[in-house]
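I have placed the structure first, in the form of structure tokens, so that the comments after it can refer back to it.
The values are calculated or read from the model by the stated rules, or taken from the named source; none is laboratory data. This is a predicted model, so every value here is computed, not measured. Heads up, the Cβs are rebuilt from the backbone with ideal geometry, glycines too, and the neighbour counts pull from every protein chain shown.
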Amino acid sequence: DAKTTQPNSMESNEEEPVHLPCNHSTISGTDYIHWYRQLPSQGPEYVIHGLTSNVNNRMASLAIAEDRKSSTLILHRATLRDAAVYYCILRDASVWFGNEKLTFGTGTRLTIIP
Amino acid sequence: NAGVTQTPKFQVLKTGQSMTLQCAQDMNHNSMYWYRQDPGMGLRLIYYSASEGTTDKGEVPNGYNVSRLNKREFSLRLESAAPSQTSVYFCASSEILQPQHFGDGTRLSIL
């Protein structure tokens with residue numbers, strides 16, 4: 001499986017934008033870039049995913065480099081509730097039915113400063 | 001919306017005891033998964049089930065068994081618990097190429 005590299009931790013001030021980087025230099029053409037986050041004492045929750053183009057949803061934006069070797073999750077206006085561990089995961093879209101396993105790294109622990 | 005429900009939420013066992021962790025989803029998903037998360041680490045896949053009646057090993061299957069009872073339910077069994085199996089266990093479900101939905105976990109301590 002292609003691997004991702006993320007900083008162990010980041011801090012950001014409340015109500016400011018946050019840019020969470022992820023490197024995935026060995027990404028293959030069929031790998032989607034997924035982001036999940038895990039709030040304290042909860043299971044992971046899906047945030048966003050993309051293949052080549054930048055993506056937006058109600059939670060965040062995903063900016064993907066032109067060569068796809070890196071991506072950035074953008075939280076436009078961080079709140080205290082956004083404090084969590086953020087995981088960048090590559091998910092191979094070419095696998096057969098049902099074999100869609102997620103490989104989690106250690107993620108980035110985001111701290112929001114009031 | 002219940003989503004993925006795991007029971008129990010907490011459990012303490014003695015070494016050698018057995019127990020079954022239960023997971024149920026109400027989203028009519030075909031695929032279900034069991035992960036474990038040790039302190040300070042990411043989740044690791046134990047077993048998964050692509051559809052009712054099928055199960056496959058993940059990254060760390062030793063010491064565990066699973067049963068896909070029906071489309072809704074996927075249970076994880078520890079036959080003879082060991083301290084190394086102290087962890088938080090998460091169940092998830094999904095449809096093909098769709099995001100996985102996770103339960104809130106079962107916190108298991110083995111003394």
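Tabulated results
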quantity: Selection count where residues are at pLDDT below 90 and either at the interface with chain B (Cβ under 8 Å from one of its Cβ atoms) or more than 18 Å from A:C22 (Cβ to Cβ) (or both), scope the range A:83-102; calculated: 10
quantity: Search result, residues across the range A:47-63 that are under 30 Å from B:Q6 (Cα atoms), assigned to a strand (DSSP E or B) and at pLDDT below 95; calculated: A:H49, A:G50
quantity: Condition check for A:L39: surrounded by 17 or more Cβ atoms within 10 Å (Cβ to Cβ) and within 14 Å of chain B (Cβ to nearest Cβ); calculated: no
quantity: Residue within the range B:39-48 that is in a loop (DSSP other than H, G, I, E, B) and either in contact with a Cys (Cβ under 7 Å, 6 or more places away or on another chain) or in contact (Cβ under 8 Å) with a residue 12 or more places away in the chain (or both) present; calculated: no
quantity: Single unsatisfied condition, A:D67 versus (1) part of a strand (DSSP E or B); (2) farther than 27 Å from B:T5 by Cβ; calculated: (1)
quantity: B:C91 being in contact with a Cys (Cβ under 8 Å, 6 or more places away or on another chain) and closer than 24 Å to A:T108 by Cα; calculated: yes
quantity: Selection within the range B:19-50 - touching a Leu at 6+ places or on another chain (Cβ under 6 Å) and more than 10 Å from chain A (Cβ to nearest Cβ); calculated: B:M19, B:L21, B:W34
quantity: Residue in the range A:10-20 that is at positive phi and touching an Asp or Glu at 6+ places or on another chain (Cβ under 8 Å) present; calculated: no
quantity: Per-region count, the range A:42-79, residues surrounded by 15 or more Cβ atoms within 10 Å (Cβ to Cβ), of a type outside the set (A, V, I, L, M, F, W, C) and over 21 Å from A:K3 (Cβ atoms); calculated: 3
quantity: Check on A:H34, within 14 Å of chain B (Cβ to nearest Cβ) and farther than 16 Å from B:M41 by Cα; calculated: yes
quantity: Only listed residue being surrounded by fewer than 14 Cβ atoms within 10 Å (Cβ to Cβ) and either within 14 Å of chain A (Cβ to nearest Cβ) or within 11 Å of the chain's Cα centre (by Cα) (or both), chosen from B:T106, B:T54; calculated: B:T54
quantity: Qualifying residues in the range B:57-67 (those that are within 16 Å of B:T20 (Cβ to Cβ) and not in a loop (DSSP other than H, G, I, E, B)) - the one farthest from the other protein chains (Cβ to nearest Cβ); calculated: B:N65
quantity: Of residues in the range B:1-42 being among the hydroxyl-bearing types (S, T, Y) and either within 30 Å of A:L110 (Cα to Cα) or at pLDDT below 95 (or both), the one surrounded by the fewest Cβ atoms within 10 Å (Cβ to Cβ); calculated: B:T7
quantity: Breaking point among (1) in contact with a strand residue (DSSP E or B) (Cβ under 6 Å, 6 or more places away or on another chain); (2) assigned to a loop (DSSP other than H, G, I, E, B); (3) surrounded by 15 or more Cβ atoms within 10 Å (Cβ to Cβ), for B:K71; calculated: (1)
quantity: The range B:68-103, subset more than 14 Å from chain A (Cβ to nearest Cβ) and of a type in the set (A, V, I, L, M, F, W, C), residue nearest to B:A24 (Cα to Cα); calculated: B:L69
